[in-house]
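First up is the structure itself, then whatever we jot down about it.
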Amino acid sequence: MTMSRRALLAVATGAAGMPIMRLRAQDAPTVKIGVLNDMSGPRMNISGPTSIVCCKQALEDFGVSAKRLNVEVVDADHQNKPDLAASITRQWFDRDGVDMVLDVPTSSVALAVQAVAREKNKVFLCSSAATSDLTGNACSPNFVHWTYDTYMLAKSTGGAMVKAGGDSWFFLTADYAFGKQLQADTTGFVQAAGGKVLGASAYPFPGTTDFSSFLVQAQASKAKVLGFANAGADTVNSINQAREFGLSQTMKFAALPMFVNDVHALGLDTAQGLNLTESFYWDLNDRTRAFTNRVRLKTPGNWPNMAHAGCYSATLHYLKTIADMGAAEAKKDGAAAVARMKQMPVDDDCFGNTTIRDDGRNLTSAYLFEVKTPSESEGPWDYYKLIATTPGAEAYRPLVDGHCPFIKA
């Protein structure tokens, strides 16, 4: 049987094209993402393994294989130690070829990672740390603060509670960068709204499990609101002990911040009536429910919170940026990759449409919630009722007030 010239040409062209496609896929540079967080300590449930799952879900949803992108995810436990986190980050950049560091709870740890990422001109996308210094005096062109910060939490929760009658406060504060910044930011909003701060107790972090002496001071202050300027297991333990001491009979509790996982750990009998702010809640709308349904079976017993959602959203937008720039260009210059991220609109199932500001602040909306009573909850993880919404453009510290050094006045 003979073949026409056209048929022979088509076969030859197809055969020649196949190995070229394989070579291109094989030769594409590998982009490495390092998820750095607390895998075993007090921040494990609010970051930990669920953050890794959400990062990998972004790879799946983006379709990296179909887009012929080589992406690898590695992870490590920083144990809430800044020196250890800096060492891991430096090793990832210098030896292991990591291009982007993700998540990083604990503000002092995030500040340490921030410095290394800028020195090495890599990318740092922070979802779990809270200090607003990250986009203020310590800001970096290599950085995006994705999910929330102390200013947003203080404005959404602190200001609202003063307006509702909680005009005198006492703080239980974790004694490190995050706790101090959160107390300072909330104090500013309380006082601006006409309230006053009657006192504060700073406790050593990490390692404190008995909060009784600090709670006695809070009770003696006669304040109307007890603000918990801590996070994770510390929030759960301190609220539990405050309930046991009977403080809930005379004081309103404000968790700054608190995550849905903390409410789950406390149970609604203990957590009911708490006020808190998150930028994501699984049952907020159809898109948040769709995202949660994709990941919750992979994270049994620990549904995603705003920090986990931030890991998904940040990874997805980073992947879009890599596809837009090209992997080689994105790997070459971390600051350039972040600059491109700021130029591109952010849109995903967790936060909808958001904008990344020049200082690296992703402008997510802030949602003030009240924890439901047991009788109000209609199913698993049905814990929040929405009280108020602050749009992203209003929720965060104004750009000019942050004094970010690399932004020209």
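The values are calculated or read from the model by the stated rules, or taken from the named source; none is laboratory data. In this text, all values refer to a predicted model and were calculated from it rather than measured experimentally. Positions of Cβ are generated from backbone atoms using ideal geometry, with glycine treated the same way; all protein chains shown enter the neighbour counts. Just the protein is used for accessible areas: all its heavy atoms, side chains included, with ligands, DNA and RNA removed. Shrake-Rupley method; radii C 1.70, N 1.55, O 1.52, S 1.80 Å.
Taking Cα atoms only, the orientation of helix 306-325 departs from the longest principal axis of the chain by about 30 degrees.
Between Ile387 and Glu72, the simple label model (points 7 Å from Cα in the Cβ direction) yields a spacing of 4.7 nm.
Multiply the residue separation of Thr373 and Lys163 by 0.36 nm, subtract the distance between their alpha-carbon atoms, and state the gained length in nm to one decimal.
Values: separation 210, 0.36 × 210 = 75.60 nm, distance 2.25 nm.
Gain on stretching Thr373 to Lys163: 73.4 nm.
Given the pairs Lys155/Lys372; Lys155/Lys332; Lys56/Lys372; Lys81/Lys122, which are separated by over 28 angstrom at their Cα positions?
Numbers: Lys155/Lys372 22 Å; Lys155/Lys332 38 Å; Lys56/Lys372 32 Å; Lys81/Lys122 21 Å.
In this structure, Lys155/Lys332; Lys56/Lys372 lie more than 28 Å apart at Cα.
For Val31, nonlocal amide neighbours, meaning residues 5 or more places apart or on other chains whose placed amide H falls under 5 Å from its own, are Asn70, Val71, Glu72.
The angle separating the long axis of helix 5-27 from the principal Cα axis of greatest extent in the chain is about 40 degrees. Of all the Cα-Cα pairs you can form in region 277-409, what percent are over 28 Å apart? Counting every Cα pair in region 277-409, those more than 28 Å apart make up 28 percent. Taking Cα atoms only, the orientation of helix 286-295 departs from the longest principal axis of the chain by about 70 degrees.
Restricting region 313-409 to GluC sites (Glu not before Pro) that sit in a DSSP loop and have at most 16 other Cβ atoms within 10 Å of their own Cβ leaves Glu376, Glu378. The Cα atoms of region 93-133 cover 28, 16, 12 Å along the three principal axes, with the biggest extent listed first. Geometric descriptor of region 179-256, per residue, is 81 Å³ (volume of the convex hull of the Cα atoms).
Which FRET efficiency value, to the nearest 0.05, do you get for Ser108 and Asp333 by plugging their Cβ-Cβ distance into 1/(1 + (r/R0)^6) with R0 = 35 Å? Calculated transfer efficiency: 0.80. Computed from label points 7 Å out along Cα-Cβ, the spacing between Phe245 and Gln191 is 2.4 nm. In this view, the solvent-accessible surface of Ser238, computed with a 1.4 Å probe and all protein chains in place, comes to about 0 Å². With each label modelled as a point 7 angstrom along the Cα→C-beta vector, the Asp324-Asp401 pair spans 2.9 nm. By a 1.4 Å probe calculation restricted to protein chains, Lys224 has an accessible surface near 100 Å², given to the nearest 10. Just how far, in whole angstrom, is region 385-409 from region 320-371 if you go by their alpha carbon centroids? Each part's Cα centre sits 15 Å from the other's. Once you reduce region 120-134 and region 186-223 to the center of their Cα atoms, the two points are 27 Å from each other. Sequentially through region 129-146, phi angles give Karplus couplings (6.51, -1.76, 1.60; θ = phi - 60°) of 7, 10, 4, 6, 4, 5, 10, x, 4, 9, 5, 8, x, 9, 9, 10, 8, 8 Hz, Gly and Pro residues having no value and appearing as x.
Rounded to the nearest 0.05, what FRET efficiency do Arg95 and Ser40 have when you use their Cβ-Cβ distance and R0 = 25 Å? Provide the component values of the computation, followed by the final result.
Details: r = 24 Å, r/R0 = 0.94.
My answer for the efficiency is 0.60.
May I ask for the Kirkwood hydrodynamic radius of the chain, worked out over all distinct Cα pairs and given in angstroms to one decimal?
Values: mean 1/r = 0.0453 Å⁻¹.
Mean inverse Cα-Cα distance, inverted, gives 22.1 Å.
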